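K.L.:
I have a structure here, written as structure tokens, and I will follow up with some questions on it.
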Amino acid sequence: MSSTPRLINGSSLSSQITVLPRAATMKGDMETSEDLSIRLDGEYEGTIHMEKQGTVHIAQGAIITTTKIKADYILVEGTVKGDLHARKGIELAPTARVKGMVVYEQDMDMHPGARISGELKGPELDL
């Protein structure tokens, strides 16, 4: 049921590094100081903080438990229990399941079928 990303740059996804393959588990915190595009396919417990730029792709079937993932772009196709903070954009694919706070500073794209249980915070609006 996954679909083509509409917000996340395709070149970023084509150059991504799989840091957690399917059927693997990992616990710990990850921090980067360079612009990386990473993919998580397995089960991850911990935080991810991309200080500069960065794209985090939570693939379909991945199960992530975190206090916070922060990056320029976040693409969710799997399950996340915890908070997500996207500086530029977050995209929730049809298979995305998120329980926690979703913060986006610029853009959000939520496909039909995606589910959020928690709080959603976007940029302030001048009304």
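K.L.:
Would you mind telling me which numbered condition in (1) more than 13 Å from the chain's Cα centre (by Cα); (2) at positive phi D35 fails?
P.N.:
D35 satisfies every listed condition except (2).
K.L.:
In segment 40-65, what residues are under 16 Å from V80 (Cα atoms), out of contact with any helix residue (DSSP H, G or I) (no Cβ under 6 Å at 6 or more places or on another chain) and either surrounded by fewer than 19 Cβ atoms within 10 Å (Cβ to Cβ) or touching a residue at least 40 places away in the same chain (Cβ under 8 Å) (or both)? Even if it seems obvious, please write down each step before you answer.
P.N.:
Step one: filter segment 40-65 for residues under 16 Å from V80 (Cα atoms), giving 40-49, 55-65.
From the residues that got through so far, the ones that are out of contact with any helix residue (DSSP H, G or I) (no Cβ under 6 Å at 6 or more places or on another chain) too are 40-49, 56-65.
Scanning segment 40-65 gives E45, G46, T47, H49, H57, Q60, G61, A62, I63, T65.
K.L.:
Same structure, new question: Working only within segment 1-39, note down all residues that are among the small types (G, A, S), in a loop (DSSP other than H, G, I, E, B) and either crowded, with 16+ Cβ neighbours inside 10 Å or in contact with a strand residue (DSSP E or B) (Cβ under 6 Å, 6 or more places away or on another chain) (or both).
P.N.:
Within segment 1-39, S15 is the sole residue that qualifies.
K.L.:
Just to verify a result, which residue in segment 66-77, among those that are buried (at least 24 other Cβ atoms within 10 Å of the Cβ) and without any contact (Cβ under 8 Å) to a residue 40 or more places away in the chain, is farthest from A96 (Cα to Cα)?
P.N.:
Taking the candidates together, the pick is A71.
We did not get these values from a lab; they are worked out from the coordinates using the rules stated. On a predicted model such as this, the values are computed, not experimentally measured, just so you know. Cβ coordinates were reconstructed from backbone atoms using ideal geometry, including for glycine residues, and neighbour counts include every protein chain displayed.
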